[in-house]
Each structure stands twice: as C-alpha cells, then as structure tokens.
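Peer 1: Just passing along the structure, written as structure tokens.
The values are calculated or read from the model by the stated rules, or taken from the named source; none is laboratory data. Values in this document were obtained by computation on a predicted structure and should not be read as measured data. Ideal geometry is used to build each Cβ from the backbone, glycine not excepted, and the neighbour counts take in all protein chains shown. Just the protein is used for accessible areas: all its heavy atoms, side chains included, with ligands, DNA and RNA removed. Shrake-Rupley method; radii C 1.70, N 1.55, O 1.52, S 1.80 Å.
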Amino acid sequence: MIERSLSVLVSLLLTLSATAQTDSLTPVVEATYRAGLPNFFHKIQSGQTSKVAYLGGSITRADQGWRDQTVSWLKDQYPHAKFEQIMAAIGGTGSDFGAYRLRQHVLQHKPDLVFVEFAVNDHGKTAQQVKASMEGIVRQIWKADRHTDICFVYTFQKVQLPFYQNKTFPVSASAMETIADQYQIPSICMALPAIQLIEAGKMVIQGKASEQPDKIVFSGDGVHPYVETGHKLYAETVERHLLRMEPNSKVQKHPLPKSLISDNLQNVALLTVDKLEKSKGWHLVDSVVTGKPYASLMPPVYASADTADYITISFRGNTLGLVDVIGPGTGQIVVRVDNDPPRYINRFDEYCTYYRMSYTLISGLSDGKHTASIRVSPTKLDKASILAKRNNKITSPQLYEKQAFYIGAFLVRE
C-alpha cells in the first residue's frame with residue numbers, strides 16, 4: 001500500500017492549494033471520448049497514411065516508451081494502413097513552450113492526430129496559465145486544419161498522487177479537462193491504471209526492480225516510467241481506448257467555438273535568431289546540438305561569451321521568451337526591456353552536467369510594443385554551489401570554465 005503518511009496532511013494541503021488556483025478540481029476518470037478521433041480512424045479504415053504527432057515532455061520523448069509503443073501497436077493493429085510518427089517532445093518543457101513551438105515542430109508536418117502530454121511538466125502552474133497555453137495549442141491546430149484530431153493524455157508524478165487519492169485530477173489535468181470539454185477533445189488518463197496498482201499494493205512508484213522482485217516497479221525517480229512497466233501501462237491504456245473510439249469514423253470538420261481565455265497562446269510564434277539584429281561577435285555553433293536528442297527540434301544556435309555582444313529584438317505583448325541550450329559551459333545573461341531595470345537570468349542550473357534544450361519566459365510586461373537587448377552578463381556564476389543542490393560535483397573544471405550563451409530563438413506574440 002502507499003504510505004498513508006502522504007495521504008492525510010499532504011493531501012489536504014495540496015487540495016487546498018489546488019483549489020486556490022482553479023475553479024474546481026475535476027473528478028478523475030480514465031477516459032472521456034467526447035467527439036472522438038473520427039478523421040484519424042477514417043484514414044485508417046481507408047488504408048491511407050496517417051501522421052501521428054506527439055507533443056510533450058521527457059516522458060513522451062523517451063525512446064521505446066509509450067510513444068514508440070503506441071506507434072508499433074498501430075502498425076500491428078492496422079497492417080493495411082500506414083503510419084508516420086512526428087516526434088515533437090522535449091524534456092523539461094511545458095504546454096506554454098509547446099504553444100510557441102507548435103508551428104515549427106508539429107503543424108508544418110500536417111499531422112492527422114496530435115497527442116498532447118503536459119500534465120506532469122505543467123505541475124505548479126496555475127489553472128489559468130495551463131488553460132491559456134492548452135487552448136492556444138488547440139486553436140492553432142484547428143486554425144491550420146479543422147480536420148486534425150487531437151487527444152489529451154495525462155501522465156503523473158509522485159507529488160501528484162494525493163490528488164488522485166482524493167479521486168480528482170491535479171490542477172494541471174483539471175485545467176486541461178476544461179479545455180477538452182470546451183472543444184470536445186477526447187482525453188485519456190494514462191496514469192490511472194498505474195495509480196490503481198500502486199494503491200492496491202501491486203506496484204511501487206519508485207525504486208529498483210532488482211530490490212523488489214515481488215512488486216512491479218513503476219519508475220526509478222517517481223516521474224519517468226521504466227519502459228517495461230510504467231510506459232507499458234501507459235501504452236496499453238491508450239491502445240485500449242483507441243479501440244473503443246474506433247467506431248466513430250465519420251469525417252467531420254471540428255467546430256471552433258469562442259475562446260475561453262481571452263489572452264490564450266493562439267497567436268504566438270518562435271522567431272529564429274538569424275532574422276534579428278545582433279553584433280558581429282555572434283557565431284553559429286553546432287557542438288552543443290549535434291548528436292543530441294533535441295537536434296531536429298532546435299533552430300540554428302548562435303553563441304557568444306563576450307559581454308560586449310548583443311542581440312536586439314522588437315516585439316509586442318506582455319511576454320518575451322527565449323529558446324537556448326544550457327549546460328556546463330553556459331552562464332548568466334542580462335536582459336534590458338525598454339527602460340526597465342536590467343533583468344539578470346541564470347542559464348545554468350543544478351541539472352547542467354550535460355547540454356539540453358531549454359527556454360525561459362519574461363512575463364508581466366505592459367501590453368504594447370517593446371524593444372529588448374540581450375547580452376552575456378559579466379557576473380561569473382558559482383557553478384559548484386549550483387550543482388551541489390543535486391549533489392553533483394565538478395570533476396572536469398575545464399568543461400565549466402566558459403560562461404557562454406547559446407541562443408536559438410525568441411518566443412513572441414504575433
């Protein structure tokens with residue numbers, strides 16, 4: 001059984017916290033089919049090629065995980081049809097970044113079905129933030145093609161267990177259910193079968209399989225499932241509900257109702273650096289991209305470690321974001337927006353023992369036109385102290401000496 005010490009006090013605190021962020025928490029169900037996936041199944045039954053996109057975080061990015069497993073299942077289940085996978089998942093990113101990068105990473109490939117998975121990475125955001133980004137994703141997809149089907153899928157992490165014990169979705173998934181209801185998008189809680197096994201004492205959420213041979217171990221860290229257990233359960237859950245939605249295969253154009261959130265992320269874009277004004281010191285670099293899992297999704301990267309180099313961008317709206325690569329050789333940047341005081345933003349964190357694609361958002365700006373200038377900060381970060389937050393140590397000092405900035409794009413409203 002799950003340790004009941006989690007249940008009483010922690011559950012109450014999390015529920016009160018969640019209620020403060022959303023109108024209400026939605027009762028948990030394994031799946032709600034709503035309008036289903038009619039166009040996707042029509043293509044399958046017609047023997048046509050179907051493009052299936054997977055937009056999400058690291059759980060969806062995992063090789064041989066639920067993403068790959070469901071594609072393999074589709075090919076086996078429907079041998080008369082053809083399937084192409086569009087991998088658009090990036091670890092450590094939420095639905096906000098998903099909305100900004102949707103056009104380049106998903107829509108340009110003209111998908112027939114888009115799975116959207118951000119329930120874990122959106123944990124900690126307010127319901128309003130989640131609704132704004134998820135609604136933006138939906139409206140962008142259907143602005144491009146109203147025949148594209150969408151399916152929300154919900155994963156979970158250890159900290160979200162108390163919500164499920166109280167028979168409700170956590171804040172992130174509850175907010176997503178509101179958008180799913182508004183647009184009649186089917187949703188599948190991949191997490192629920194695993195949670196039920198955990199509650200029954202048949203599965204352990206975190207550990208090593210070798211140390212608990214009499215139990216199924218879901219994951220090694222309470223978040224990222226093992227391929228053979230957690231991911232397998234996730235995939236089987238999706239497959240089961242896809243079969244139940246299959247009878248609904250009449251071609252239809254999805255309606256586009258009035259927006260729920262007035263400032264949703266529908267009209268946003270990813271603006272690459274090569275189109276912006278910048279000093280001559282910036283140079284193209286591929287050393288932090290080549291061979292990386294995010295290589296196909298990262299725009300061309302420009303680098304500089306010189307505090308005199310700058311990039312200038314003009315934009316509209318109350319938010320500016322940037323997409324970069326962070327890792328051992330990155331440091332701090334300074335951003336000046338109009339005449340505001342400078343903002344110092346660390347592009348190095350306790351996970352930076354390797355290079356990864358990342359993003360950050362500067363919000364709370366006044367609505368309207370803005371001009372921003374970005375430079376490398378002269379401040380030298382104490383990287384050893386930052387890494388120590390996760391008990392990481394610097395074993396090769398030369399890898400951490402540089403305090404560079406590897407920038408690929410900016411996130412702006414159109």
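Peer 1: Out of segment 91-110, which residues are open to solvent by less than 10 Å² (accessible area, probe 1.4 Å) and part of a loop (DSSP other than H, G, I, E, B)?
Peer 2: Kept after step one, since they are open to solvent by less than 10 Å² (accessible area, probe 1.4 Å), are these residues of segment 91-110: 93-95, 97-102, 106.
Those that are open to solvent by less than 10 Å² (accessible area, probe 1.4 Å) and part of a loop (DSSP other than H, G, I, E, B): Thr93, Gly94, Val106.
Peer 1: Here is a follow-up. Considering each residue of segment 237-272, count those that are exposed (fewer than 12 other Cβ atoms within 10 Å of the Cβ) and either in contact with a Ser or Thr (Cβ under 6 Å, 6 or more places away or on another chain) or assigned to a loop (DSSP other than H, G, I, E, B) (or both), and give that number.
Peer 2: Of the residues in segment 237-272, 8 are exposed (fewer than 12 other Cβ atoms within 10 Å of the Cβ) and either in contact with a Ser or Thr (Cβ under 6 Å, 6 or more places away or on another chain) or assigned to a loop (DSSP other than H, G, I, E, B) (or both).
Residue by residue, here is whether (1) on the phi > 0 side of the Ramachandran plot; (2) open to solvent by less than 10 Å² (accessible area, probe 1.4 Å); (3) among the charged types (D, E, K, R) holds:
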site	(1), (2), (3)
Asp145	no, no, yes
Phe156	no, yes, no
Val159	no, no, no
Pro162	no, yes, no
Phe169	no, yes, no
Cys189	no, yes, no
Gln212	no, no, no
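Peer 1: For Arg336, indicate whether it is among the basic types (Lys, Arg), part of a strand (DSSP E or B) and either open to solvent by less than 20 Å² (accessible area, probe 1.4 Å) or in contact (Cβ under 8 Å) with a residue 40 or more places away in the chain (or both). Explain how you work it out, then say what you get.
Peer 2: On the way: among the basic types (Lys, Arg): yes; part of a strand (DSSP E or B): yes; either open to solvent by less than 20 Å² (accessible area, probe 1.4 Å) or in contact (Cβ under 8 Å) with a residue 40 or more places away in the chain (or both): no.
So Arg336 does not fit the description; no.
Peer 1: Restricting the search to segment 395-414, which residues are touching a helix residue (DSSP H, G or I) at 6+ places or on another chain (Cβ under 8 Å) and either open to solvent by 40 Å² or more (accessible area, probe 1.4 Å) or among the hydroxyl-bearing types (Ser, Thr, Tyr) (or both)?
Peer 2: If the condition is that a residue be touching a helix residue (DSSP H, G or I) at 6+ places or on another chain (Cβ under 8 Å) and either open to solvent by 40 Å² or more (accessible area, probe 1.4 Å) or among the hydroxyl-bearing types (Ser, Thr, Tyr) (or both), then Tyr400 is the only one that fits.
Peer 1: A further question on this structure: What residue, among those in segment 70-90 that are open to solvent by less than 30 Å² (accessible area, probe 1.4 Å) and hydroxyl-bearing (Ser, Thr, Tyr), is nearest to Ser50 (Cα to Cα)?
Peer 2: Taking segment 70-90 as the starting set, the residues that turn out to be open to solvent by less than 30 Å² (accessible area, probe 1.4 Å) are 70-71, 74, 78, 81, 83, 86, 88-90.
Next, only the ones that are hydroxyl-bearing (Ser, Thr, Tyr) stay: 70, 78.
Numbers: Thr70: 13, Tyr78: 11 Å.
The qualifying residue nearest to Ser50 (Cα to Cα) is Tyr78.
Peer 1: Do you know which residues across segment 358-394 are open to solvent by less than 20 Å² (accessible area, probe 1.4 Å), among the aliphatic types (A, V, I, L, M) and outside any strand (DSSP E or B)?
Peer 2: Within segment 358-394, Leu365, Leu387 qualify.
Peer 1: Follow-up. Using the structure shown, decide if Ala88 is outside any helix (DSSP H, G or I) and in contact (Cβ under 8 Å) with a residue 60 or more places away in the chain. Before you say what the answer is, go through the steps one by one.
Peer 2: Details: outside any helix (DSSP H, G or I): yes; in contact (Cβ under 8 Å) with a residue 60 or more places away in the chain: yes.
Against the criterion (outside any helix (DSSP H, G or I) and in contact (Cβ under 8 Å) with a residue 60 or more places away in the chain), Ala88 qualifies.
Here's the yes/no breakdown for (1) closer than 25 Å to Asn248 by Cα; (2) among the hydroxyl-bearing types (Ser, Thr, Tyr):
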site	(1), (2)
Ser50	yes, yes
Ser72	yes, yes
Gln77	yes, no
Ile86	yes, no
Phe97	no, no
Leu102	no, no
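Peer 1: Grab the helices (runs of 4 or more DSSP H) fully contained in segment 9-63, keeping just those with 1 or more residues being at pLDDT 95 or above and more than 23 Å from the chain's Cα centre (by Cα).
Peer 2: Details: elements: 9-21, 38-45, 58-61.
It comes to 38-45.
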